[in-house]
């Protein structure tokens with residue numbers, strides 16, 4: 001009796017594409033007389049340093065009935081980040097090795113998810129002021145490096161002398177790094193903003 005690596009899964013589909021998770025389904029194929037041990041979901045991430053690198057997103061232990069019954073639909077949930085394009089690939093593994101990667105539905109559509117934007121999840125840290133020119137107040141904050149909170153721009157403001165009157169924008173300068181110098185008592189606030197608000 002022939003035994004070999006499993007056939008690749010088929011009909012890989014993105015069922016749900018949200019800002020922080022993706023729900024995938026695929027259909028089992030023949031195990032070639034060696035029970036499937038697990039399914040592995042790989043993905044590429046458009047925001048990564050190497051957007052073509054395959055990353056392991058999920059490993060699922062196969063149930064015996066899934067291995068012995070080709071045609072079973074399996075689902076898995078993979079974590080995601082907002083504002084990223086992912087492409088998914090599913091592999092079956094048995095004791096003799098891994099199948100080829102499967103990445104398309106039966107209709108030939110790639111298993112791709114472009115996650116929606118989401119509001120930034122935090123405000124800037126270490127906000128303070130630094131004295132600039134005589135007519136200028138410099139606001140300083142720590143740059144947002146949170147990949148889950150893509151920010152298109154910064155909204156900021158201060159209160160004049162603590163009296164609740166906004167300063168004219170031409171009196172402000174700002175830098176996006178933590179480089180605080182001499183400070184004062186003016187209340188200052190800023191926040192990350194994108195098209196989804198905050």
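Assorted remarks:
- Any chance residue 80 is touching a strand residue (DSSP E or B) at 6+ places or on another chain (Cβ under 6 Å), surrounded by 14 or more Cβ atoms within 10 Å (Cβ to Cβ) and closer than 19 Å to residue 4 by Cβ: no
- Answer residue from region 83-113, given it is more than 25 Å from residue 4 (Cα to Cα) and not in a loop (DSSP other than H, G, I, E, B) and is farthest from the chain's Cα centre (by Cα) among those: 110
- Search result, residues across region 57-75 that are in a strand (DSSP E or B) and either surrounded by fewer than 19 Cβ atoms within 10 Å (Cβ to Cβ) or modelled with pLDDT under 90 (or both): 58, 59, 60, 61, 73, 74, 75
The rows are residues; the columns are (1) touching a residue at least 24 places away in the same chain (Cβ under 8 Å); (2) crowded, with 16+ Cβ neighbours inside 10 Å; (3) within 23 Å of residue 108 (Cα to Cα); (4) under 15 Å from the mean Cα position of the chain (by Cα).
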site	(1), (2), (3), (4)
5	yes, yes, no, no
19	yes, yes, no, yes
22	yes, yes, yes, yes
28	yes, yes, yes, no
31	yes, yes, yes, no
35	yes, no, no, no
43	yes, yes, yes, yes
48	no, no, no, yes
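The values are calculated or read from the model by the stated rules, or taken from the named source; none is laboratory data. This one's a predicted model, so the numbers in the text were calculated from it and none came from an experiment. So basically every Cβ, Gly included, is an ideal-geometry build from the backbone, and we count neighbours across all protein chains shown.
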